[in-house]
Amino acid sequence: MTAILRLESRRRLRGSLLLTVAFALISIFYFSFFPGFAEDAEQIAEAFPAFMLEMFGIEQLHTIEGFIAAEVYSFFWVVLLAVYFAYAGAGMIAADVRTRAMDLTLSNPVSRESVILQKVGSLWVPLVVLNVGVPTVVYVGSVVIDETMNPVALAMVHVLSIPYLLVCAGIGLVLSVVIDRVRTARAAALSGVLLLWMIDAASRLSEDLEWVGAVTPSRYYDETAILVREEYAFTDAILLLVVFASLVTLAVIIFIRRDI
């Protein structure tokens, strides 16, 4: 039975398209002034406090790879898109429980495990739409301004972001089966993902505190290393997938045992 998967996938299509358009517009905006920015990039970078460059992983702003990594991916992708996936995960179960739609769903011959897995499976829509549409726009934009980016590195920055985004969704999913009120679950998911990112960013400022960031998902996805240095951390991506699978398993166990 895949009715839930099909329904949830259709529901996510419009939001995914709107997000892709938003990222495309953001990318076009930054590409439009990069040629003029590149001339003074080194001076501008020197004007920033060193701790800010370290927190946001900013490198080589005079190159198109370093510029796009800093301006588009370091915040909009790593933070805002992570928040979106956490928000989506937090509404998967709590929203239906709150509106009693879950009672109707479970009155059909479908297990609770299947409900969760199909709802999680619907995340393929934003993952595919965003990770196909955005890099296409970014690559075309780099060609237009005659600063062609390495298509392999650009593709990898998106492919390796998938495990990270799934972990953020998994955090929201666990909160969705624990907390009854959908607004509370979503607020907790957003706050949790933002807090984890802030912990990771702050821990980069001191070698003594760097170990603290090891518990944060953003530590295992480095968009600057991928785009600028072409370093592909496949082991980190696999670790994030294991964490995601563990979060989904935990959510399933809790949902099976709880009374709705």
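Fewest Cβ neighbours within 10 Å first, please rank 62, 158 accordingly.
62, 158
Between helix 3-39 and the chain, what is the angle of the helix's C-alpha long axis to the longest principal axis, kept within 0 to 90° and rounded to the nearest 10?
10 degrees
Among 178, 78, 215, which one moves the most in a GNM of the chain with springs linking Cα atoms closer than 10 Å?
Checking each option, the largest mean-square fluctuation is seen for 215.
Given Cβ point charges of +1 (Lys, Arg) and -1 (Asp, Glu) and nothing else, what value in debye, to the nearest 20, does the dipole of segment 3-257 about its Cα centre take?
Roughly 2060 debye, rounded to the nearest 20.
Working out 0.36 nm times the residue gap between residue 11 and residue 207, then minus their Cα-Cα distance, what length gain in nm do you get to one decimal?
That works out to 66.1 nm of additional length.
Which angle between 0 and 90 degrees, to the nearest 10, do you get for helix 112-121 versus the longest principal axis of the chain when only C-alpha atoms count?
20 degrees
Kindly state, as a whole number, the per residue volume in cubic angstrom of the convex hull around the alpha carbon atoms of the chain.
124 Å³
Report the residues of segment 178-222 in range of a label on residue 106: point 7 Å along Cα→C-beta, backbone N strictly under 17 Å from it.
Flagged as within label range: 178-182.
Work out how much length residue 99 to residue 250 would gain on full extension: take 0.36 nm times their residue separation and subtract the Cα-Cα distance, in nm to one decimal.
52.0 nm is the gain from fully extending residue 99 to residue 250.
Testing the spin-label approximation: label points 7 Å from Cα along Cα→Cβ at residue 180 and residue 80. State their distance in nm.
It works out to 3.6 nm between the two label points.
Pairs of Cα atoms under 8 Å, at least six residues apart: use those to get the relative contact order of the chain, whole percent.
Result for the chain is 28 percent.
Which one, 72, 26, 16, projects farthest toward the positive side of the charge dipole computed for the chain from Cβ point charges (K/R +1, D/E -1)?
The residue sitting farthest along the positive end of the dipole is 16.
What's the FRET efficiency of residue 187 with residue 62 using the Cβ-Cβ distance as r and R₀ = 45 Å, to the nearest 0.05?
That pair, residue 187 with residue 62, gives E of 0.65.
Placing +1 on the Cβ of each Lys and Arg and -1 on the Cβ of each Asp and Glu in the chain, which of 235, 189, 159 has its Cα farthest towards the positive end of the resulting dipole?
189
Mean residue ellipticity at 222 nm from the helices of the chain, using -39,500 (n - 2.57) per DSSP H segment of n ≥ 4 over the full residue count, to the nearest 500 deg cm²/dmol?
-22500 deg cm²/dmol
At most 10 other Cβ atoms within 10 Å and a DSSP loop assignment: could you name the GluC sites (Glu not before Pro) in segment 173-223 that fit?
207
So which trypsin sites (Lys or Arg not before Pro) in segment 81-187 are both in a DSSP loop and have at most 11 other Cβ atoms within 10 Å of their Cβ?
100
Would you mind calculating the relative contact order of segment 174-260 from Cα pairs under 8 angstrom and at least 6 residues apart, reporting the percent as a whole number?
Relative contact order for segment 174-260 comes out at 27 percent.
Readers should treat all values here as calculations from the given coordinates under stated rules, not as data from a laboratory. Note that the coordinates shown come from a computational prediction; the quantities given were computed from them, not determined experimentally. Neighbour counts are summed over all protein chains in view; Cβ atoms, including those assigned to glycine, are modelled from backbone coordinates with ideal geometry.
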